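Below is one structure, written out as structure tokens, with a few remarks after it.
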Amino acid sequence: MVERQTLFARILPHVVLITGVCIVAFPVYLALLASTYDAATVQTGQMTLLPGNQMLQNYERILFSGTNSTTREPVGTMLMNSFIMAMVIALGKIAISLISAYAIVFFRFPFRMAAFWLIFVTLMLPVEVRIYPTYKIVADLQLLDTYTGLTLPLIASATATLLFRQFFMTVPEELVEASKIDGAGPYKFFKDTLLPLSVTTMAALFVIQFIYGWNQYLWPLLITTRDNMQTIVIGIKKMIVTQDALTEWQLAMATAVLALLPPVFVVVLMQKLFVKGLVETEK
Amino acid sequence: MASVVLEAVRKVYAGGVEAVKGLSLTIPDGSFTVLLGPSGCGKSTLLRMIAGLEEISGGAITIGGKKVNDVEPSERDIAMVFQNYALYPHMSVYDNMAYGLRNRGTAKEEIERRVAEAARMLAIEPYLQRKPRALSGGQRQRVAMGRAIVREPAAFLFDEPLSNLDAKLRVQMRLEIRKLHNRLKATSIFVTHDQVEAMTLADQVVVMNSGKIEQTGTPLEIYRRPASKFVATFIGSPAMNLFPGTIAAPGKVTLADGTGFAYDANVFDAKPGAKVEIGLRPEDAKASVAAPGRPKLVWEVTEELGATRLLHGMLAGSPFVLAMQADIDTPARELALEATPETVHIFDPESGRSLRRA
């Protein structure tokens, strides 16, 4: 914009944005604060807005030994479980969706549109809807309490397939033809041209799907029974809802802060590619 | 280097649309052949069939004596330059040019030699490590041509490669393509809807209309001896004037108002009394002071084109355009027209074919 802005007009947007950030950030700050006091201070509500002095003790205890009563496993294991689950789901979804989108967009085969619509309608069938049959299958395959059982049913993804399909359809037909003339078959075209062009889309999907996997609650709750297969989201829930003991809020908050870190890390790391992947149309 | 021979080639699309209707054509070794026609005439389809990107519904295509109907595009020994360049956006210019050679298992030193040579020829050496998006349209076009050259193919196929460039660059690239062809002497097939490109580039022009060949010949043949009304009006700008007439006697054709032109009866075969259509190019008609008994042009609008001036008007009830030197003062509203007999064309109004003797 060329017109000169008054001081007020320049400050106002910042005031609005900063207020918004404060509203979102305050609960997070509170959780961080709570994780630095001892149990008694948090329980009696004597917490101030400045950090306490129990931070190191709290984090050390939660990471390596766990709470006294509810979760017998240290959070370190849970973090690892959640990380493995989120990674396998995200990478698995990308791999499967890439291949299926490639087939749907670039190959002419009978029932191609039928196949596409079959994938498309699964958008209406999230885990929660098909929970019983899925559980039955996983149980019959002896996959309860395994990483395979935790991840495999969540890998198929209509969303990712659709996103790749949309991207592939913007690849100019001439590029496919130039590849044909250059002697690149379907596999070489996929590897040499399509994959490098899809990097930003893959990054965007990775971020979305990693967080999706990390936030899974219902499915891990159902199929994990052993303590050492718990994910961190379930761990937090177990710590907060206790029937026969006091909730150790400082530990629950420390766990919550730890649970925040990997998704934040993934987003920060992939930010540039992520934004590019969602907005870029440069060919 | 090879000739390309098409025999009764047909293309029928799944919906039953016949895009190419049994077409035979020989493209001699080393020639520059331009397929010219309006959009939808089947010229691009034909080129894509030669390239192997479209299946052939009927007939045979032979490249260098080898029938290629069922041969993969990469095995046909052709290279193609696309309208939108179709460069691989994630590869450097060097890799774009080397990719096809690598896929064929060409030795590394040989690839380097060929890419370097093509880059020198096209003056794109400074950009070899850049990505296509860092290049201008003209540079991208050169890279696309470089990618074709390094393959050292039997035939180059160009699919309207200049239509994405601005007018100035188009003229420049047109000249360079011609120079390149003079140097490489490789068989080239060039598709365009631009008659100027066709006239300037071609050894042989193939004018196509709705899936069939209207006429094949050198640019001058096509211009001077159009075989049909379609060719006559498609080539030349502004288009040839067409107006009805009747053959009065061999060598003499009259217009609706009774005036007439002389034509060469040795060239055109028309019976006296026959209704015909007369063709006269705007630049072939000469204007003089109106006189009774002479074809009379009454003009309404002039268009100044710099070197020439166009007069739009009516001649015996039909629209007529006259091109004249712009340095002559604006003439009177009514003019007499004359034309030398060699420049008057006679067409059959039914079939649209020229009545030229075989």
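Values quoted throughout were computed directly from the atomic coordinates according to the rules given, and no laboratory measurement underlies them. Everything quoted here is computed from the prediction, not taken from an experiment. Positions of Cβ are backbone-derived with ideal geometry, glycine not excepted, and every protein chain shown enters the neighbour counts.
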Notebook entry, point to check: Of A:GLU73, A:GLU128, A:GLU60, which residue is of a type outside the set (Gly, Ala, Ser) and under 21 Å from the mean Cα position of the chain (by Cα)?
Noted result: A:GLU128
Checklist line | Those residues of region B:275-312 which are of a type outside the set (S, T, N, Q), in contact with a Lys or Arg (Cβ under 9 Å, 6 or more places away or on another chain), without any contact (Cβ under 8 Å) to a residue 40 or more places away in the chain and surrounded by fewer than 19 Cβ atoms within 10 Å (Cβ to Cβ), in sequence order | finding: B:VAL298, B:GLU300, B:GLU303
Checklist line | strands (runs of 3 or more DSSP E) wholly inside region B:1-89 that include at least 2 residues being more than 14 Å from chain A (Cβ to nearest Cβ) and of a type in the set (A, V, I, L, M) | finding: B:4-12, B:18-27, B:32-36, B:58-63
Next item on the list: Kindly indicate the residue of region B:141-153 that is outside any helix (DSSP H, G or I) and out of contact with any Lys or Arg (no Cβ under 8 Å at 6 or more places or on another chain) and also surrounded by the fewest Cβ atoms within 10 Å (Cβ to Cβ) among those meeting that condition.
Entry: B:PRO153
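How do the strands (runs of 3 or more DSSP E) wholly within region B:268-325 filter down when requiring 1 or more residues that are more than 24 Å from B:ARG353 (Cβ to Cβ) and over 31 Å from the mean Cα position of the chain (by Cα): which remain?
Of the strands (runs of 3 or more DSSP E) lying wholly inside region B:268-325, those with at least 1 residues that are more than 24 Å from B:ARG353 (Cβ to Cβ) and over 31 Å from the mean Cα position of the chain (by Cα) span B:286-289, B:296-304.
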Check: Which one is farthest from B:VAL150 (Cα to Cα), of the residues in region B:104-127 that are touching a Lys or Arg at 6+ places or on another chain (Cβ under 7 Å) and either part of a helix (DSSP H, G or I) or within 14 Å of chain A (Cβ to nearest Cβ) (or both)?
Finding: B:LEU122
Margin query: Quick test of your reading of the structure: B:PHE261 fulfils all but one of (1) more than 28 Å from the chain's Cα centre (by Cα); (2) farther than 26 Å from B:ALA316 by Cα; (3) among the aromatic types (Phe, Trp, Tyr). Name the failing condition by number.
Written below: (2)
Next item on the list: Look through A:THR161, A:THR201 and report the one residue that is closer than 12 Å to A:ILE94 by Cβ, out of contact with any strand residue (DSSP E or B) (no Cβ under 6 Å at 6 or more places or on another chain), among the β-branched types (Val, Ile, Thr) and within 14 Å of chain B (Cβ to nearest Cβ).
Entry: A:THR201
Check: So, of the residues in region B:206-233 that are closer than 17 Å to B:PRO28 by Cβ and β-branched (Val, Ile, Thr), which turns out to be farthest from the chain's Cα centre (by Cα)?
Finding: B:ILE213
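Matching residues to (1) surrounded by 17 or more Cβ atoms within 10 Å (Cβ to Cβ); (2) without any contact (Cβ under 8 Å) to a residue 12 or more places away in the chain; (3) away from chain B (no Cβ under 14 Å); (4) in a helix (DSSP H, G or I):
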| position | (1), (2), (3), (4) |
| --- | --- |
| A:THR134 | yes, no, yes, yes |
| A:LEU150 | yes, no, yes, yes |
| A:LEU175 | yes, no, no, yes |
| A:LYS180 | yes, yes, no, yes |
| A:LEU194 | yes, no, no, yes |
| A:PRO220 | yes, no, yes, yes |
Next item on the list: Please determine, by comparing only the residues of region B:34-75 that are under 19 Å from B:GLY100 (Cα atoms) and in contact (Cβ under 8 Å) with a residue 40 or more places away in the chain, which one is surrounded by the fewest Cβ atoms within 10 Å (Cβ to Cβ).
Entry: B:ARG48
Check: In region B:90-100, which residue that is of a type in the set (Ser, Thr, Tyr) and part of a helix (DSSP H, G or I) is farthest from the other protein chains (Cβ to nearest Cβ)?
Finding: B:TYR94
Margin query: Scan region B:251-260 and tell me whether some residue there is among the aliphatic types (A, V, I, L, M) and not in a strand (DSSP E or B).
Written below: yes
Note to self: Tell me the residue from A:ALA31, A:ALA95, A:ALA86 that is buried (at least 17 other Cβ atoms within 10 Å of the Cβ) and within 18 Å of the chain's Cα centre (by Cα), please.
What the structure shows: A:ALA86
Next item on the list: Give just the number: which of (1) touching a Ser or Thr at 6+ places or on another chain (Cβ under 7 Å); (2) under 24 Å from B:ARG104 (Cα atoms); (3) free of Cβ contacts under 8 Å to residues at least 60 places away in the same chain does B:ARG174 not satisfy?
Entry: (2)
Next item on the list: Please state which one of B:ASN182, B:ASN164, B:ASN209, B:ASN241 is surrounded by 15 or more Cβ atoms within 10 Å (Cβ to Cβ), closer than 25 Å to B:ALA118 by Cα and not aliphatic (A, V, I, L, M).
Entry: B:ASN164
